[in-house]
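Since the structure comes first, as structure tokens, the remarks are kept for the end.
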Amino acid sequence: MAEFMFTLREPLLLILLSVLVVIWFGYRKGRKLLAVRSVVIGVLIFLLAEPLMRYMKREDVKPILPVLVDVSRSVVIDGTEERSDSVRAFMKGIESKLGDRFRLECLQFWTELVPCRDSLEWTYEGTALGDVIEEVEKRFSPPAILLITDGVSNTGKHPLWVAKYADFPIFVFGFGPPSPKGDISLTRVRRNSIVYAGDEVPVEVWIKADGYKGERTRISIKEGENVIATEEIEFKEDVEERAIQAKLVPRSPGTKLYEASVTPLDGELNTENNFKAFALKVLKSKNKILYISSSPNWEHKFLTFMMETDPTLELHSYLPLSKDRSVTYPPGTHISFSKGELVDYDCYIIHDIPYTELPEGFSTLLPELVGDLGKSLLFIGGERMRGYEDSRIGEILPVFLEDRTRDKSFELQFTPEGKAHPVIESAGDHKGLPPLLGCNGVRGVKAGGTVWAVNSAVKTAQGELPCMIESTYGEGRVVVITCFPLWRWYFLLKGLGKEPTFYMQFLTNLTRWLSTRKDINPLIVELSEPIYQTFEEVEFAAELYDEGYKPIDGAFIRVGMDGHGELTLRPLGSGKYSGTISNLSPGEYQFTATAYLEGKEYSVTRGSVTIVEGSIESQEYGLATEILERIASLTGGAYYTFGDIDEVSTITFPKTEMARRRTLELIYWPGVYVALLALLIAEWAARRLRGL
């Protein structure tokens, strides 16, 4: 069917009639010349109006039918070579059955969409089925699509969401390996990795199940061969991931190894991921402290009171009243000073006792206990402290002591280093503390010692007289306090009606800090897997602890990795933090994790992660029949098995009508000007013949 249209861009009728009237009166005696001149003028005016002539022809054409072939690796992941031959034969069958009715546009896809090549190869990683359907709609606006795929889509938009809004039917031919039965895996275990013996430890075991809706299995946690926790679970969904809560109570200190496992179910593809090992570093429920002084005193009384209220500390005291008589605490406790028993203590406190009155053998063993075994020493001065300057214990101390005291009251001044230390910083407000009555003489501070506080009224060759000094000796910590008596901070503040908060908290912090091991970093960062594949997210699990290894919440933890900026971990509670990073290329990466507390750097730890080449297609494969049927149903298409090639012939589409248009602008058509020239020549010849 053809259509013709003619239009003028200017209204010519009135102009043309006016001109013709003028010509009529000008050529009344020569009507032939009048006719010729009228035609010439009419043609000129006609051309000035820019006439257009349009020609349109409508005809039925073959519709474009995109044929999409999935070439991702999941289609042939089970190694079936015959499947490749089947696709090629299927494509030839489509051409023979539909080629006379449709213009077939063969396209292969994975995460990209490209024309089919002569040789199809199923080697591509990743499938973006939803994105591909959208791209076909933008390119072709097709009346329908033929889709050959296994239905696995592991990146991009979800295909069901895209199918819901598609304006054309999709005819799906399911093509791929048989769908596996399913899989169950333990993905991660969350817990605090540093705990105290006897404490109840919550543990989260995360389990993921695919394909076992309505079936039951059992999760168990074992320590060695002993099952210490177990729970039966039932899966409510086809694909389900959830956390199973358990509680452990480690009874003794040390590193405890555990294994979480889930009982395999019939048809599981991989049972190696049914197990997950984890460890707990179990600290002693109470850190033991040995206090040695020459006689009962108020300092000992307050230490005893403070430690009785702290469930993490246990105080044993030895007070040698004479060579033959001593007092111990708790009353009746036998305290031996052999190495075998001394190693049970975490911290030793020596307070206001002459060197010669120390228990026999103790001063000889102390350098080994502190330097080699990592124990701690708190040395508190007093009026009776004598004989330490050139002793074995004097070698451990971070100062050079003098056998004299300065009995003049003074107000203790904390140094910037002391104020910034967690022991003092977290003890509260130290302003307005009552004056102390005296301090031991100090000739100087040894290299490596850090001064926490000074007596600013006394000058030495190094400056103000140091009164609190901290250092390390080998593997252990040492703190020296030469000022006395500290108990005045309690009594005098109480007498003034004020709470002696700083004194009690300072003692608590100091004894906890000294009695806990310094070789455990308070910031722990673990990876859920030792090695990751390229398509997997790397999950960082962090834990943060205070000086007494109690969990800390409210911190900011950032992880920096080579060339990938910084990742801020999100808080999970109970001192745990988590975060993920993805899209890492194969290689080994170093990372640095930094914890900030109240705007200040608190702790730093480092580690590494290894990324290896992996296949995302191997994680999920098998013919996803249910999804493919829903895609076809949502779009008004149909689902076929790959063997239903004869069904292709039954697919019908409405005819597509195409209009072919052609527009001719007569002002640019040479024939018009040839005719105009001929008319002008004819008029001239007529006028010559008439002698005009």
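The values are calculated or read from the model by the stated rules, or taken from the named source; none is laboratory data. Keep in mind that what you see is a predicted model, and the values were worked out from it rather than measured. Note that we place each Cβ from the backbone using ideal geometry, even for glycine, and neighbour counts take in every protein chain shown.
What the table shows:
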read-out	value
Wholly enclosed helices (runs of 4 or more DSSP H) of region 282-378 bearing at least 1 residues among the β-branched types (Val, Ile, Thr)	298-308, 362-371
Inter-residue pairs, beta-carbon under 6 Å, first in the same structural domain as Pro253 (by TED's automatic domain parsing) and in region 193-214, second small (Gly, Ala, Ser) and assigned to a strand (DSSP E or B), 6+ apart	Val203/Ala246; Glu204/Ala243; Val205/Ala260; Trp206/Ala243; Lys208/Ser185; Asp210/Gly182; Gly211/Gly182; Tyr212/Gly182
Search result, residues across region 194-231 that are surrounded by fewer than 19 Cβ atoms within 10 Å (Cβ to Cβ) and part of a loop (DSSP other than H, G, I, E, B)	Ala197, Gly198, Asp199, Glu200, Lys213, Gly214, Glu215, Gly224, Glu225
Subset of region 463-475 that is out of contact with any helix residue (DSSP H, G or I) (no Cβ under 8 Å at 6 or more places or on another chain) and aliphatic (A, V, I, L, M) - its residue that is nearest to Glu417 (Cα to Cα)	Ile469
For Met307: the one exception among (1) farther than 30 Å from Ile531 by Cα; (2) surrounded by fewer than 17 Cβ atoms within 10 Å (Cβ to Cβ)	(2)
Matching residues, region 311-338, being exposed (fewer than 10 other Cβ atoms within 10 Å of the Cβ), under 15 Å from Glu357 (Cβ atoms) and among the small types (Gly, Ala, Ser)	Ser322
Considering residues of region 406-462 that are of a type in the set (Gly, Ala, Ser) and touching a helix residue (DSSP H, G or I) at 6+ places or on another chain (Cβ under 7 Å) only, the residue farthest from Asn509 (Cα to Cα)	Ala453
Filtered residues of region 283-298 (kept if touching a strand residue (DSSP E or B) at 6+ places or on another chain (Cβ under 6 Å) and crowded, with 17+ Cβ neighbours inside 10 Å)	Leu283, Ser285, Lys286, Asn287, Ile289, Leu290, Tyr291, Ile292, Ser293
Hits in region 590-603 - residues which are crowded, with 18+ Cβ neighbours inside 10 Å and within 21 Å of Tyr532 (Cβ to Cβ)	Phe591, Ala593
Number of positions in region 410-423 that are modelled with pLDDT of 90 or more and surrounded by 13 or more Cβ atoms within 10 Å (Cβ to Cβ)	7
Residue selected from region 478-501 under the condition of a type in the set (Phe, Trp, Tyr) and surrounded by fewer than 20 Cβ atoms within 10 Å (Cβ to Cβ), by the criterion nearest to Pro367 (Cα to Cα)	Trp487
Test for Glu475: is it surrounded by fewer than 22 Cβ atoms within 10 Å (Cβ to Cβ) and closer than 26 Å to Ile349 by Cα	yes
Complete set of residues in region 389-407 that are out of contact with any strand residue (DSSP E or B) (no Cβ under 6 Å at 6 or more places or on another chain) and more than 13 Å from Lys446 (Cβ to Cβ)	Asp390, Ser391, Arg392, Ile393, Asp403
Condition check for Asp324: of a type in the set (D, E, K, R), farther than 30 Å from Leu527 by Cβ and within 38 Å of the chain's Cα centre (by Cα)	no
Restricting region 386-413 to residues that are in a loop (DSSP other than H, G, I, E, B) and touching a residue at least 60 places away in the same chain (Cβ under 8 Å), the residue that is nearest to the chain's Cα centre (by Cα)	Pro398
Residues of region 256-282 classified as modelled with pLDDT under 80 and either of a type in the set (A, V, I, L, M) or within 30 Å of Gly382 (Cα to Cα) (or both), total	1
